[in-house]
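Below: the structure, in structure tokens.
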Amino acid sequence: AVWPLIAVLWGGWVIYQDLRWRRLANALMLAGAVLAGAVLWTTGGNLVGGDWRMALAGAATGLALTLPGYWRGLLGGGDVKLAPVLGALVGPAVLLIGIVIAGLLSLCWWLWRQQRQNQPYGAFLAFGTLGISLLISPLI
């Protein structure tokens, strides 16, 4: 049950970095991709029990759902790199729930700060996605 703990520590650093600097370092995204690969390699699945096909589908879903936002200037490049990593860790269904939670948190942020630009969407996405995955993970 070490992988969920490592994923939460990694996710905590993602949240901290995005809230503090509004940037997600490429090295941090690479570390997440290595983490997803290590989870798949050692457990035969992702954090919520899906096999490699679910990990691949999650990564593709993350990319497909964030690229249009990047092209429209609504999301940063770090957000686009984060979503496929999270998708590989948790699969497409949990990622979709995480995206909904991130959207709600973004709305709360906007209502609180009255600021649409520079929202820490990556922090919201990591919090929502990893939070839900911890509730349903068979690895815990």
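The values are calculated or read from the model by the stated rules, or taken from the named source; none is laboratory data. Note that the structure is a prediction, hence the values are computed from the model and not measured. Using ideal geometry, Cβ is built from the backbone for each residue, glycine included, and neighbour counts are taken over all protein chains shown. In case anyone asks, the SASA skips ligands and DNA or RNA and just uses the protein heavy atoms, side chains included. Shrake-Rupley method; radii C 1.70, N 1.55, O 1.52, S 1.80 Å.
Tabulated data
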{"quantity": "By accessible area with a 1.4 Å probe, ligands and nucleic acids excluded, highest first: order of 18, 51", "calculated": "51, 18"}
{"quantity": "Degrees, to the nearest 10: 77-113 long Cα axis against longest axis of the chain", "calculated": "30"}
{"quantity": "Cα long-axis angle, helix 121-136 against the chain (0 to 90 degrees, to the nearest 10)", "calculated": "30"}
{"quantity": "J(HN,Hα) series, segment 53-69, from Karplus relation 6.51 cos²θ - 1.76 cosθ + 1.60, nearest Hz, glycine and proline x", "calculated": "5, 5, 5, 5, 5, x, 5, 5, 4, x, 5, 5, 8, 9, 4, x, x"}
{"quantity": "Electrostatic dipole magnitude of the chain [Cβ: Lys, Arg +1; Asp, Glu -1; Cα centre; debye, to 20]", "calculated": "400"}
{"quantity": "Carbon plus sulfur fraction of accessible area for the chain, probe 1.4 Å, in percent", "calculated": "70"}
{"quantity": "Using alpha-carbon coordinates, inclination of helix 26-43 to the longest axis of the chain, degrees", "calculated": "30"}
{"quantity": "Over the chain: helical MRE at 222 nm, DSSP H runs n ≥ 4 each giving -39500 (n - 2.57), nearest 500", "calculated": "-27500 deg cm²/dmol"}
{"quantity": "Cβ crowding within 10 Å averaged over residues, with 58-68, 80-90 ranked highest first", "calculated": "80-90, 58-68"}
